[in-house]
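As structure tokens, the structure follows; a few thoughts come after it.
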Amino acid sequence: MRHSIYLLLRLCTCVFLAACSIQQAVQEHKEQQARMTRSLDGYVGKSIADVTAERGPPTSTIELAANRRSFQWEMTTQTPERAASAPGSQMAVILPKDEQTCLVTVVASTAAPSPALSDWIVESTQWKGPNC
């Protein structure tokens, strides 16, 4: 009986520690999403030339309609190998290098008949990727 109680306590402790770890990861992810949204929202009303000055040339462009275009940037970053604690234990594990891809889409419009990048004005932004 005593052994069962200790086993139950250990199990509860592990579940509690795992839940705390997950909660922290979710909070960090939400904060990262908010930072990315604020960063991209700053481009609305500016020209695509401003975006390319900061992010480089777009990876692709898609003609949406007359005088309306989608500009896309595919950004890949590598995370270094790092140590992390294993949930529910006092052991450290080494996480391998990882590659993360983020797709940023900017929709812009223009009134110019033969527009340059500075003629395209950003209407909206969007991003996809787990770690943008």
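The values are calculated or read from the model by the stated rules, or taken from the named source; none is laboratory data. This one's a predicted model, so the numbers in the text were calculated from it and none came from an experiment. Here Cβ is always computed from backbone atoms with ideal geometry, including for glycine, and neighbour counts include all displayed protein chains.
So is residue 69 surrounded by fewer than 10 Cβ atoms within 10 Å (Cβ to Cβ) and either at pLDDT 85 or above or farther than 21 Å from residue 93 by Cα (or both) or not?
Criteria not met by residue 69.
Residues of segment 49-89 being over 14 Å from residue 106 (Cα atoms), assigned to a strand (DSSP E or B) and not aliphatic (A, V, I, L, M), which ones?
76, 77, 78, 79, 82, 85
Considering segment 42-52 alone, what residues qualify as being surrounded by 12 or more Cβ atoms within 10 Å (Cβ to Cβ) and farther than 20 Å from residue 101 by Cα?
Across segment 42-52, the qualifying residues are 42, 43, 44, 46, 47, 48, 49, 50.
Do you know which of the residues in segment 72-91 that are exposed (fewer than 11 other Cβ atoms within 10 Å of the Cβ) and in contact with a Ser or Thr (Cβ under 8 Å, 6 or more places away or on another chain) is modelled with the lowest pLDDT?
91
For segment 104-131, what are the residues that are surrounded by 17 or more Cβ atoms within 10 Å (Cβ to Cβ), under 30 Å from residue 79 (Cα atoms) and either at pLDDT 95 or above or not aliphatic (A, V, I, L, M) (or both)?
If the condition is that a residue be surrounded by 17 or more Cβ atoms within 10 Å (Cβ to Cβ), under 30 Å from residue 79 (Cα atoms) and either at pLDDT 95 or above or not aliphatic (A, V, I, L, M) (or both), then 105, 106, 107, 125, 127 are the ones that fit.
Just for strands (runs of 3 or more DSSP E) wholly inside segment 91-132: which have at least 2 residues that are more than 19 Å from the chain's Cα centre (by Cα) and free of Cβ contacts under 8 Å to residues at least 24 places away in the same chain?
92-95
What are the pairs with Cβ atoms under 6 angstrom where one residue, in segment 64-75, is among the charged types (D, E, K, R) and the other, located anywhere, is outside any strand (DSSP E or B) and loosely packed, with under 15 Cβ neighbours inside 10 Å? Sequence gap at least six, or different chains.
These pairs meet every condition: 74/59.
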